[in-house]
Amino acid sequence: MSKRDALVLRVAAGWTVFVWATFIRNMIRSDTQSTGFKVVHSVIAVVSLGFAVALWMIAGRGRKQAGVEVDQGAAAG
């Protein structure tokens, strides 16, 4: 995986965390939202944050594999 691809995945993960953290903070402070609304959106936030973690891990693993492939290619040549 290229550095650029890994960066895009990490930016997407970071943006997801930022957006959901902001939303949850605002939702908790709000007295106008029903309990059902808060529960549903909290579950959606947890799922989205799980995807963000997965994206971050994929980006890291992809960069490690790219480094190994470059090292193996240099050793073979």
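Pairs meeting the criteria (first residue in region 16-41 and closer than 22 Å to Val53 by Cβ, second residue of a type in the set (Ser, Thr, Tyr), beta carbons under 6 Å, at least 6 apart or on different chains) are Thr16/Ser48; Trp20/Ser48.
Taken as a whole, the condition of being assigned to a loop (DSSP other than H, G, I, E, B) and either of a type in the set (A, V, I, L, M, F, W, C) or in contact (Cβ under 8 Å) with a residue 60 or more places away in the chain (or both) applies to Met1. For region 1-16, the tally of residues that are of a type in the set (A, V, I, L, M), surrounded by 14 or more Cβ atoms within 10 Å (Cβ to Cβ) and within 11 Å of Gly60 (Cα to Cα) stands at 3.
The condition (being modelled with pLDDT of 75 or more and among the aliphatic types (A, V, I, L, M)) is satisfied by just one residue among Val70, Val46: Val46. Restricting Ser34, Ser42, Ser48 to residues that are loosely packed, with under 13 Cβ neighbours inside 10 Å and hydroxyl-bearing (Ser, Thr, Tyr) narrows the list to Ser34. Restricting the first member to region 48-77 and to residues that are farther than 16 Å from Ala12 by Cβ, and the second to residues that are modelled with pLDDT of 75 or more and exposed (fewer than 15 other Cβ atoms within 10 Å of the Cβ), the beta-carbon pairs closer than 8 Å and six or more apart or on different chains are Ala66/Ser2.
The values are calculated or read from the model by the stated rules, or taken from the named source; none is laboratory data. Being a predicted model, the structure only gives us computed values, none of them experimental. As a convention, Cβ positions derive from the backbone with ideal geometry for all residues, glycine included, and neighbour counts pool all protein chains shown.
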